[in-house]
Amino acid sequence: MAVIKAFECIRPTKELASEVAALPYDVYNREEACEAVKGKKYSFLKIDRAETQFGPEVDTYDDRVYAKAKELLDQMKSEGVYVKSDKKCYYLYELTMNGRIQTGIVACASIDDYMNNVIKKHENTREEKELDRIRHVDTCNAQTGPIFLAYRKNEVIKNMIDEAKQGEPIFSFISEDGIKHAGYVIDDEKEIKIIEEEFAKIHEIYIADGHHRAASAVKVGLKRREENPDYDGTEEFNFFLSVLFQEQELMIMPYNRVVKDLNGLSEKEFLDKMSEKFEISKHGNNAIEPAKKTEVTMYLDSEWYLLKAKEEILSDDAVNGLDVSLLQNYVLAPILGIGDPRTDNRIDFIGGIRGLGELERRCEKDMKVAFAMYPTSISELFAVADANKLMPPKSTWFEPKLRSGLFIHELS
C-alpha cells in the first residue's frame, strides 16, 4: 500500500505565481541559469540555483550558495510572496501543452515506500549529483522541486480530480513556452480521507522523472531520523514532495542521440556493419521520424536513413527489448565503441522537444551522426521497474516539465 498524504503547503500568492515558477534546476548549466534569472525579481531559479547570485569566483557548491538559497527563501516568505496553508490539504497541478491536459495530485510520499520499493525506480542515481540537492534541501529545510510520480488508472481518484477542477484555481498562467499552468486545492476532510484511502489500495507507484531529487530527499529524511532518534514516523522529514499522475495522462517524448565520430570507420564501413542487424533505407535530405517501435531514423552526411531492427535482435526482455537498448547493444557499443554512455564524452543526448532540426544542426556543428528514437512508452517504463531492472540512461523525456517553486514542503 502507498502512503500519500496531504500537507501544509507553502505556495506563492495567486498574483505572483507566474513570476515565481521556474523550470527545474537541472535543465540549466550555470551560465544559462545566470542568464535566465536576469530581470526576474521573484524567479524561484534564484533559490534553486543560488550560485546565480554570486560571481564566477564562487564555486557552485560553496557553503555560501546554500546559505543564500535559504536567505532568499526566507526573504520571499517574509515579504508575502509565499503563504502557508493553515491545514493539511491535497493540491492539483494541471498542465496544458498543445491542447493536451495532464493533472497531477500534489502530495507527500513516504521515504519508507521509496526504500521498500512501493515507489519503484528505473534509473540509477549518481552520488555526486545527489549531494547538491541534499545540501539544498537540508539547508533550506524544505523540498522545493517535486518528484514526478506515475500510477495506474484509478477511477475514484480521477473523478475527484475532475470535480475539484470545477472550483476556482489558486493560480493560473501561461509560461513563456506557451504551457498553461493551473493549481487547485482539495481541502474537504472527507475528500482528503477518500484520496488517502484510494492510494492505500495502490501497490506500485513509479518515479517518472526526478530520481536524483527523490534519492536526495530520502537521504535528508534518514539524516533527520538519526538526528531525532525519538521520531515516530509522522514528522514531515519522513515524506517528500511529489506530483502524482495517472498513466493515461502522461506523454513521453523520445530522447535522441548524437555521436562525434564513426569510431575510425568510413561511412560505407559503418553502414555495412549496421546492415547486419538493421534493414537500412535511404530517405535523402527530408527529415523523418521513426513511425513505430523497433524503428530508428539516422542522420549522416546530410542524409536521413530509416533503420528497422531485424527479427534476430528483438527481445521480450523488459530492458533488452527497449529501442534505446537495441541501439546501444547493436550500434553504439559494438560499432561506435561507446560502452558506457553515461561517461563517454563522444555521445550527447537531445530531448525530443527540440525536434529533428536540432539533430541536423548538431551534425553540422560538432557531431557526425544522429539517431532519432521512437518514444519509450509508459507501459515499458512500468515493466522495467516491476522487473526491478534499470533502463539505459536517457531513455525517457517527459513534457511538459513541472515548475519548481509553486508548491513547497517544509521538513519541520
So how far apart, in nm, are the two label points at Asp340 and Lys87 if each is 7 Å from Cα heading toward Cβ?
5.3 nm
For the chain, find the longest principal axis of its Cα atoms and tell me its angle to the long axis of helix 355-365, 0 to 90°, nearest 10.
60 degrees
Members of Lys88/Lys223; Lys46/Lys394; Lys120/Lys201; Lys40/Lys70 lying beyond 21 Å, as alpha-carbon distances in this model show
Lys88/Lys223; Lys46/Lys394
Give, rounded to the nearest 20 debye, the magnitude of the charge dipole that segment 255-374 has about its Cα centre when Lys and Arg contribute +1 at Cβ and Asp and Glu contribute -1 at Cβ.
260 debye
Measure nothing but the geometry: give the 0 to 90° angle between the long axis through the Cα atoms of 63-78 and the longest principal axis through the Cα atoms of the chain, rounded to 10°.
50 degrees
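Work out the FRET efficiency for Glu79 and Ala333 from their Cβ-Cβ distance, taking R0 = 60 Å, and round it to the nearest 0.05.
The calculated FRET efficiency here is 0.65.
Between Ser281 and Lys180, what is 0.36 nm times their sequence separation minus the Cα-Cα distance? Round to one decimal in nm. Walk me through the intermediate numbers first.
Numbers: separation 101, 0.36 × 101 = 36.36 nm, distance 4.04 nm.
That works out to 32.3 nm of additional length.
For segment 95-189, which trypsin sites (Lys or Arg not before Pro) pass both filters: DSSP loop (anything but H, G, I, E, B) and at most 16 other C-beta atoms within 10 Å? Could the numbers behind the result be given before it?
On the way: sites: Arg100, Lys120, Lys121, Arg126, Lys129, Arg133, Arg135, Arg152, Lys153, Lys158, Lys165, Lys180; in loops: Lys121, Arg126, Arg152, Lys153, Lys165.
Answer in residue order: Arg126, Arg152, Lys153, Lys165.
Rounded, prolate or oblate for the chain? Axes are the square roots of the Cα gyration tensor eigenvalues, ordered a ≥ b ≥ c, and the cut-off for rounded is a/c under 1.5.
Values: a/c = 1.88, a/b = 1.58, b/c = 1.19.
Because a/c hits 1.5 or more and a/b exceeds b/c, the chain counts as prolate.
As a check on your grasp of the helix formula, calculate [θ] at 222 nm for the chain: sum -39500 (n - 2.57) over DSSP H runs of n ≥ 4, divide by the residue count, round to the nearest 500.
On the way: 13 runs with 122 residues, N = 412.
Roughly -8500 deg cm²/dmol at 222 nm, from the helical runs in the chain.
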Cut-off of 10 Å, at most 16 other beta carbons, DSSP loop: longest stretch of the chain lacking such GluC sites (Glu not before Pro)
277-412
Loop sites in segment 33-66: trypsin sites (Lys or Arg not before Pro), DSSP, at most 12 other Cβ within 10 Å
Lys38, Lys41
Can you list the residues of segment 305-349 with backbone N under 13 Å from a point 7 Å past the Cα of Glu267, pointing along Cα to Cβ?
305
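Laboratory data are not the source of any read-out in this text; all were calculated from the coordinates shown. From a predicted model like this one, the values you see are computed outputs, not experimental measurements. Positions of Cβ are generated from backbone atoms using ideal geometry, with glycine treated the same way; all protein chains shown enter the neighbour counts.
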